[in-house]
1. Name the residue that is farthest from the chain's Cα centre (by Cα), counting only residues in the stretch 157-178 that are at pLDDT 90 or above and farther than 16 Å from Val26 by Cα.
2. Are there any helices (runs of 4 or more DSSP H) wholly within the stretch 184-270 with 1 or more residues that are buried (at least 18 other Cβ atoms within 10 Å of the Cβ) and of a type in the set (D, E, K, R), and if so which?
3. Pairs, please: C-beta under 8 Å, at least 6 apart or cross-chain, first residue at positive phi and in the stretch 85-114, second in a strand (DSSP E or B) and basic (Lys, Arg)?
4. Can you work out which of the residues in the stretch 435-460 that are of a type in the set (D, E, K, R) and touching a strand residue (DSSP E or B) at 6+ places or on another chain (Cβ under 6 Å) is surrounded by the most Cβ atoms within 10 Å (Cβ to Cβ)?
5. If only one of Val102, Val98, Val26 is in a loop (DSSP other than H, G, I, E, B), at pLDDT 85 or above and surrounded by 16 or more Cβ atoms within 10 Å (Cβ to Cβ), which one is it?
6. All but one of (1) touching an Asp or Glu at 6+ places or on another chain (Cβ under 7 Å); (2) closer than 30 Å to Leu192 by Cβ; (3) not small (Gly, Ala, Ser) hold for Lys497; which doesn't?
7. Go through Gly452, Gly475, Gly528, Gly537 for me and flag whichever is in contact (Cβ under 8 Å) with a residue 40 or more places away in the chain and assigned to a strand (DSSP E or B).
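The values are calculated or read from the model by the stated rules, or taken from the named source; none is laboratory data. All figures in this text were calculated on a predicted structure; none of them were measured in a lab. In this analysis, Cβ positions are derived from the backbone assuming ideal geometry, glycine residues included, and neighbour counts consider all displayed protein chains.
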Amino acid sequence: MTSGQQVIDGRFELRGRLGSGGMGAVWRAFDLALEREVALKEVRLAGTDTSELDPDVAQMLRERVMREARALARLHHPNVVTIHHIVDSPEMPHPWLVMELVRGQSLQERLAHGPLPPAEAAALGRGLLAALRAAHEAGICHRDVKPANVLLRTDGTPVLTDFGIAVLEETPRLTQTGGLVGSPEYIAPERLHGHEGDPASDLWSLGMLLYTAVEGRHPLRRPTTAATLAAVMTAPIPPAGHAGPLAPVLQALLAREPAARPAPEQLDHMLAQAADPGAVPASTPVPPPPPPPAFAAMPGPGTAPAPFPMRTTEPALKRSHRSGLSPVLIAAGAVGAVAVLLAALVVVLPKLSGGAGRTGGAGTPPGTAPTGAPTGVRTGSGANGGGTNGGGTSQVTTLLTPAAIRDVIKKFEEASGSKKFAQFTVYEDHASADAPVPRRRAAFDNYTYRKGADAAVRSGPSIAITTGDAKVDLGAFNWDVLPALMRRADRTLKVPKPTLRYIIVRASWTFNGGRPTMLVYLTDDYGGGYLAANTKGQVISTVPSDS
């Protein structure tokens, strides 16, 4: 029987296939009772006769249909497809979902004609974020955000569809043990580690979707599924050369640690700024941006494939010079279009003399520190802490020594009144730490210290926490092994002439089973690498610059 003749449930006349995927096909249909066009989703495994399936598998499919129906029925949002009806009976080989017919095309079809301008992609991202926020507030994680599951109305409004593999918080998981649910190239890395049900996973997928939309290519797609999954877990993401003002959003979303991704309100503000720089008045309080992503989610040319969750200003400015981004993204004091980046610069450090508003324009070599930035970044091993000035007075030349780090820890403890911290980052000439706020669960204040200062100072509420409410006593780490770790980093990270050295201590690191971890980084103008060690100083993983 042809599609124009087949009638489902005596009411819905099929009039043409709109698309298909692994979980079935979607048809344009006509509701004979209400005399309107609708979309019917035929839920079946592609290329499979449902009647021949194992009864348990067939039942699982039906359960998924009901789950999608329940999920969509709970959502009433202009950016979420509306479900009208479900057709299911023992006599039918498989169930059908009756949904609104979105007139237009899918985002995947649109991208076949070329990438989106950054502002258009940012507006699209806001619509999808609104859909995801509605879903997350209803206890639903989508788990398969990708261009094929985004429909575009004729006015360009995005509509998120295909909640068939969504996770409802109160519903037992239906996925078979070990099964992979979702499109490999859009799946969040934490899900590959077995962590399900986190709304932040949908934000990673949104970031990948927006990256693909502006670049016209997926950064982690490989020839095989296995290779793609491996890339999602470990590969550095190449720079988005066409993202323009959307670049900070991609950087924030594509942090491999879920907790490092921005909160929805903050993300919406960032997307609004990218969509229309003039839409957010300069007087509007701007949420500070999240820390740059773990594992170099969006490195520019010469940016290390390593996390930069530091809240300090100078390294971020240097990366801006090396990254090749448009000056509008880094001239933070110039126009309202970069208010988000400006917030990060003014919240975390005492004002730099003349440095925050400069750009790496003509005559400024890539990697050169802006005027007013400290020149304390050294290219030596970082293991030696002694030295003298012109007057012969002994002084600390680097904070990356056991004695200097212990002194810095003491200053942070004195300033914060806490013995435990969520995160601790040390460069050669400055450091920061996130200390818990008394009687406020999972709330932290950031403290900074500059080499030679008498004390650490509070710089404001923390925006860089990636450890939930985990905290660690920094004295639990064996700091005496740091020189050996730095030497090992020199030998193994394949950064022959590092221009930046630093360490990050995380109270909880996803890739060390949630245990406290020290990460040692080396970077240069072409990339970087890191090694991770436990509290005893034993190396647990090494990621060279060419990995």
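1. Selected residue: Thr157.
2. 189-192, 199-215
3. Every condition considered, the pairs that remain are Gly104/Arg153.
4. Asp445
5. Matching residue, one of Val102, Val98, Val26: Val102.
6. (2)
7. Answer to the check: Gly528.
One line per residue, one yes/no per condition, for (1) within 19 Å of Ala431 (Cα to Cα); (2) out of contact with any Leu (no Cβ under 9 Å at 6 or more places or on another chain); (3) outside the structural domain of Gln423 (by TED's automatic domain parsing):
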site: Ile504; (1), (2), (3): yes, no, no
site: Phe511; (1), (2), (3): no, yes, no
site: Met518; (1), (2), (3): yes, no, no
site: Tyr521; (1), (2), (3): yes, no, no
site: Gly528; (1), (2), (3): no, no, no
site: Ala532; (1), (2), (3): yes, no, no
